[in-house]
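One structure is given here, and the rest of the page talks about it.
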Amino acid sequence: MTNSDAAPLTPERILQFAWGYAPPLILEAAIRHPVFDVLDSGPKTIQELQKETGASERGLTAIMNVLVGLNFLAKDDRSRFSLTPESAAFLVSTKPGFQGGMIRHCSEHLVPKWLHLNEIVATGKPVEAVNEETTGSGFFEKFVNDIFPMSYPAAQKLAQHLNFNASGGTIRVLDLAAGSGVWGIALAQSNERVHVTAVDWPQVIPVTRNTVARFGLADRFSFIEGDLLEAEFGKDYTVATLGHILHSEGEERSRALLAKTFGALGSGGTIAIAEFLANADRRGPVNALLFAVNMLVNTESGNTYSFEEISTWLGEAGFQDARTVEGPGPSPLILATKA
Ligand SMILES: C[S@@+](CC[C@H](N)C(=O)[O-])C[C@H]1O[C@@H](n2cnc3c(N)ncnc32)[C@H](O)[C@@H]1O
């Protein structure tokens with residue numbers, strides 16, 4: 001191929017990124033107004049939607065047309081709007097896969113901090129760190145239920161993989177940085193012999209308790225309030241889950257946490273880690289590289305890590321056979337065994 005055959009160089013991609021903030025804000029406006037919920041009962045015109053949502057005709061027309069362009073809505077020849085399979089599964093607030101909490105979290109909590117990115121890159125320090133209890137527990141208290149749907153399918157996959165039905169006796173699960181309790185909840189649902197001990201900051205544990213009660217699992221859970229590196233976990237657990245915590249803890253505390261978790265597991269116990277994994281050469285995947293910037297913006301020393309880095313730390317802590325388990329979600333889970 002000669003140079004003259006090459007696609008002409010244009011600024012198109014850069015200009016698309018310049019507008020990159022718009023689609024999530026439009027999705028949020030549609031969720032808040034609540035366009036997707038109303039369309040769940042069937043196709044509607046703008047006028048019908050206006051009646052049901054109370055929003056303006058001009059506003060609805062502008063956002064709904066672009067939602068058609070983005071394939072979150074379809075429009076028929078009679079100008080009636082309807083859901084697509086994707087928006088029906090993930091943007092209707094009554095559906096178990098609803099991702100609107102994450103969209104709201106971005107605009108309410110993340111974007112205001114990301115607006116300081118230039119300053120944060122200059123100093124290498126966040127404006128406010130969420131890895132500390134004083135600022136972090138209020139942030140997580142509001143947020144942990146919003147990310148429940150993100151991890152629930154992967155947590156169910158973990159339960160399936162661990163297959164507790166194959167063994168007898170009580171299965172003791174230590175759910176570290178439990179948040180909503182999503183990992184412990186899916187494991188408890190998979191087998192009635194599972195008992196979960198959930199650990200999180202004191203301000204967040206009431207949220208964990210509520211979610212666990214909503215799932216009818218209150219008698220299968222115990223709770224430990226405290227910082228992960230200070231709380232007394234107990235011993236002889238069968239499984240320990242660390243769902244989306246290493247990235248905010250940073251390398252030093254993560255290594256200490258893995259060593260502490262090793263001590264809390266019984267022999268033959270399994271550690272399961274969920275993270276946004278970067279490739280070892282840090283050339284991708286983009287979601288993990290972007291999340292590393294989110295950790296720069298929000299924490300003192302957080303980052304995203306590769307399977308190779310985490311498996312080295314697991315080996316140093318005494319674990320064997322670090323391996324991945326593919327699950328629904330952007331990255332596979334990492335499992336390792338205490339021999
Ligand atoms: C991103 S959320 C993940 C929650 C849940 N494991 C999941 O995967 O959805 C992180 C959780 O860790 C808790 N957390 C963060 N740092 C902590 C610390 N140093 N000690 C105790 N809990 C902490 C937060 O309160 C929050 O519930």
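Sub-6 Å Cβ pairs linking a first residue in the stretch 207-235 that is outside any helix (DSSP H, G or I) to a second residue that is exposed (fewer than 15 other Cβ atoms within 10 Å of the Cβ), at least 6 apart or interchain, are Glu225/Pro202, ordered by first then second residue. Within the stretch 174-186, residues that are farther than 21 Å from Lys235 by Cα and modelled with pLDDT of 95 or more sit with their Cβ atoms under 6 Å from residues that are of a type outside the set (A, V, I, L, M, F, W, C) and near the ligand (Cβ under 6 Å from one of its atoms), at 6+ positions apart or across chains, in these pairs: Val182/Ser151.
In this structure, does Tyr152 turn out to be touching a residue at least 40 places away in the same chain (Cβ under 8 Å) and out of contact with any strand residue (DSSP E or B) (no Cβ under 7 Å at 6 or more places or on another chain)? Criteria met by Tyr152.
If the condition is being open to solvent by 90 Å² or more (accessible area, probe 1.4 Å) and closer than 18 Å to Asn303 by Cβ, then the stretch 113-143 contributes Val121, Lys125.
In the set (1) outside any helix (DSSP H, G or I); (2) within 14 Å of the ligand (Cβ to nearest atom); (3) out of contact with any Lys or Arg (no Cβ under 9 Å at 6 or more places or on another chain), Asn131 fails one condition alone, (3).
The residue of the stretch 1-19 that is surrounded by the most Cβ atoms within 10 Å (Cβ to Cβ), among those that are at pLDDT below 95 and outside any helix (DSSP H, G or I), is Ala6.
The residues of the stretch 52-100 that are of a type in the set (Lys, Arg) and under 17 Å from Asp40 (Cβ atoms), listed by number, are Lys75, Arg80, Lys95. Being touching a helix residue (DSSP H, G or I) at 6+ places or on another chain (Cβ under 9 Å), more than 14 Å from the ligand (Cβ to nearest atom) and either open to solvent by 30 Å² or more (accessible area, probe 1.4 Å) or closer than 27 Å to Lys142 by Cβ (or both) is the requirement here; does Ala213 meet it? When the stated conditions are applied, Ala213 does not pass them.
Name the single residue, out of those in the stretch 88-108 being among the aliphatic types (A, V, I, L, M) and within 12 Å of the chain's Cα centre (by Cα), that is surrounded by the fewest Cβ atoms within 10 Å (Cβ to Cβ).
The residue in question is Met102.
Scanning the stretch 191-206 for residues that are of a type in the set (A, V, I, L, M, F, W, C), open to solvent by 10 Å² or more (accessible area, probe 1.4 Å) and more than 8 Å from the ligand (Cβ to nearest atom) turns up nothing.
Comparison of Ala155, Ala159, Ala188, Ala178 shows that the only residue that is open to solvent by less than 30 Å² (accessible area, probe 1.4 Å) and in a loop (DSSP other than H, G, I, E, B) is Ala178. Could you please find all residues in the stretch 20-68 being hydroxyl-bearing (Ser, Thr, Tyr) and either in contact with a Cys (Cβ under 9 Å, 6 or more places away or on another chain) or free of Cβ contacts under 8 Å to residues at least 24 places away in the same chain (or both)? Ser41, Thr53, Ser56, Thr61, listed by residue number. Elements of the type strands (runs of 3 or more DSSP E) sitting completely within the stretch 243-339 and holding at least 3 residues that are buried (at least 18 other Cβ atoms within 10 Å of the Cβ): these cover 265-274, 333-337. Scanning the stretch 46-56 for residues that are open to solvent by less than 80 Å² (accessible area, probe 1.4 Å), more than 30 Å from the chain's Cα centre (by Cα) and farther than 15 Å from Ser82 by Cβ turns up Gln50, Gly54, Ala55, Ser56.
The values are calculated or read from the model by the stated rules, or taken from the named source; none is laboratory data. Bear in mind that the values here come from a model prediction, so they are computed numbers and not experimental data. Positions of Cβ are generated from backbone atoms using ideal geometry, with glycine treated the same way; all protein chains shown enter the neighbour counts. For accessibility, only protein heavy atoms count, side chains too; no ligands or nucleic acids. Shrake-Rupley method; radii C 1.70, N 1.55, O 1.52, S 1.80 Å.
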